[in-house]
Amino acid sequence: MNAAHGIRARFTLDYPGFRLEVDLALPGRGVTALFGHSGSGKTTLLRCVAGLERAGQGLLAVNGECWQDSGRSLFVAAHRRPIGYVFQDANLFAHLSVRRNLEFGMKRVAASERRVALGQAVELLGIDHLLERMPDRLSGGERQRVGIARALLTSPRLLLMDEPLAALDLKRKNEILPYLERLHDELDIPVLYVSHSPDEVARLADHVVLLEQGRAIAQGELRETLARLDLPTAFSEDAGVVVEAEVAGHDAHYHLTRLTFPGGEVLVSQRPEAPGQRLRFRVHARDVSLALQRADGSSITNLLPARVEAMVAADTPAHVLVRLDAGGTPLLARITRRSADQLAIAPGQQLWAQIKTVALLG
Amino acid sequence: MIFDSADLAAIWLTVKLASVTTVLLLLLGTPLAWWLARTRSTWRGPIGAVVALPLVLPPTVLGFYLLVAMGPNGFIGQLTQALGLGTLPFSFAGLVVGSLLYSMPFVVQPLQNAFAAIGERPLEAAATLRAGPWDSFFHVALPLARPGFVTASILGFAHTVGEFGVVLMIGGNIPEKTRVVSVQIYDHVEAMEYAQAHWLAGGMLLFSFLVLLMLYGSRFRQGWQG
């Protein structure tokens, strides 16, 4: 990654009882999730990038532009940074209608620099019918969509999203997630996405940074990072991998859909997507069991040949996490230590991974 | 005619004094209230206390110090004389200065509360939408603080109308220059003109009631947060 492309972010910030100390090199495109439990510093990090928080020691360069360099006493004020910021609770202006909320940022960007039109953002977020309403007449999900559109209309060169779904119930989340995916697919704006939800991260992110107590403990490409074994036990109860697959065909008789990916295929309940479309699914480590032989006399349909790469202790003394390579697709299995001993699991060993549940994202 | 010409002059002078005072207080009080609502300076406490002093001081005390300060040997008097303005006591300008101090907390405190209630978050949203500090002050903070401005204007105006002690100390009783309604009522009573006093006093009572009704019964009292 050369200096002109990507995001270089180094911050040291002290609060009573909390210290943020990160040094990150992030890709300058796609969705990067800042993932961690509450109090891990992910929102503070995002606010430092936005310029809402001023880290005493800091260096921030985004795709070749320097926004902060404490060594040179350089600090670009938040309102001079070409960012869009989506707040956890939307933070709309209560005294302005939806339309005027949307126009607030847009009007303040030179016409020559506008790359997102009002109609385009309104259509993308499905808020056409809300334009004349006041914010207090919107549901939580609607507010959040307006907040996202408002941020997009500043034609940001970097979109910062602070848990945009955290304040919403599951139904509202599912209402917004498709819009976020469209955003990802249709606009080429790099996104930093703060979340504590593994499912959201798995569904939206390309790249992930794991934060714990103000430090970045891992960062990298999503699939690689989630399949790593050396992460602290705090994350191992959520351990699992994300697989990007293609719809290969449907089985109308059994109402199943076949998904293929490097290393094999799985059958899932019938999906609406047409053959050739791409889907992400997540396999939790706790839903993967291991067998030495192909167990044909079993109700589990999804079996993948795999090779053991490594094994480590899991979150409880009774369990271990096994990292597998299924023909190029990494998998994690969480099994009891007793089973591991009985099967004599060792690196290099060939065996079968039995997948109980495939969680489809989308 | 219920009011004679002296009464009408006093009413006009009172309205003029209250209007000028309210406008000036809104102009001067807004930055002060903004600062008090947001600063972390150690001066916040002392300055806030000074602003609130007229709430508890007898008007005669305030009027006495103003009289001394604005007199020929006081520091304000020295200044106004140096500027060729003469001295302020017993003039309309002097009354305005007195009223500014006297009504200050009634304007500054509602504004300060309104600004504090807005908090940092709308301003942060404005900053991420490219609005600089002045821009977000005028287009976000001021509109959001509108209920506070309504309250401050009403209270500032009404409280100035009801001023008596400070006026008597620094303004005296000069027709068409410093004789406001409250002083005129006093004069009527001194002269045993109870009918005249009744009309003015009753008018003040009605005015004050209507003002408070406006304040407590108004939809402006409901904030924006719904």
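No lab work stands behind these numbers, since they all come straight from the coordinates. None of these values were measured; they are calculated from a predicted model. No Cβ is skipped: glycine too gets one built from the backbone with ideal geometry, and neighbour counts run over all protein chains shown.
Structure above, values below:
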| quantity | calculated |
| --- | --- |
| Theoretical FRET efficiency, 1/(1+(r/R0)^6), r = Cβ-Cβ of B:Ile174 and B:Met214, R0 45 Å, to 0.05 | 0.90 |
| Prolate/oblate/rounded call for segment B:5-221, Cα gyration tensor, a/c under 1.5 rounded | oblate |
| Max mean-square fluctuation residue, GNM over chain B, Cα-Cα springs under 10 Å, options B:Gly45, B:Gly84, B:Gly98 | B:Gly84 |
| Cβ-derived FRET efficiency at R0 51 Å, B:Ser41 paired with A:Glu246, nearest 0.05 | 0.25 |
| Within a Gaussian network of chain A (alpha carbon springs, distance under 10 Å), most fluctuating of A:Val242, A:Val98, A:Val268 | A:Val268 |
| For chain B: relative contact order, % (alpha-carbon pairs under 8 angstrom, 6 or more apart) | 31 percent |
| Geometric extent, Cα atoms of the protein assembly as shown - Rg, Dmax (angstrom) | 34.6, 116 |
| Added length on full extension, which subtracts the Cα-Cα distance from 0.36 nm per residue, A:Arg337 to A:His5 | 115.0 nm |
| Pairs of lysines in the protein assembly as shown (C-alpha under 27 Å apart; 8 or more residues apart or interchain) | 5 |
| GNM result for chain B, Cα springs below 10 Å: residue of B:Trp35, B:Trp43, B:Trp199 fluctuating most strongly | B:Trp43 |
| Mean-position separation - Cα centroids, segment A:305-362 and segment B:43-111, in angstrom | 81 Å |
| Cα centre as origin, Lys/Arg/Asp/Glu Cβ charges: segment A:240-361 dipole, Debye | 240 debye |
| Efficiency of FRET between A:Leu118 and B:Tyr194 - r from beta-carbon atoms, R0 60 angstrom, step 0.05 | 0.30 |
| Test item: A:72-79 mean partner chain Cβ contacts at 10 Å | 3 |
| Cβ-placed point charges (K, R +1; D, E -1), dipole of segment B:5-221 about Cα centre in debye, nearest 20 | 760 debye |
| Whole-angstrom gap from segment A:127-185 to segment A:28-89, using each part's C-alpha centre | 21 Å |
| Sum of side-chain charges, B:Val183 neighbourhood, beta-carbon under 13 Å (Lys, Arg +1; Asp, Glu -1) | -3 |
| 10 Å Cβ neighbours from other chains, averaged over peptide B:116-127 | 4 |
| Shielding by partners - mean other protein chain Cβ count within 10 Å, residues of B:139-145 | 3 |
| Peptides A:142-155, A:47-60 ordered by average Cβ neighbours within 10 Å, highest first | A:142-155, A:47-60 |
| Nearest 10 degrees, 0 to 90: helix B:59-70 Cα axis against chain B principal axis | 90 degrees |
| Dipole magnitude of chain A, debye to nearest 20 (Cβ charges: Lys/Arg +1, Asp/Glu -1, about Cα centre) | 660 debye |
| Additional length obtainable on full extension of the chain from A:Arg54 to A:Ala318, 0.36 nm per residue less Cα span | 90.5 nm |
| Over 25 Å [Cα-Cα, segment A:221-362], rounded percent | 25 percent |
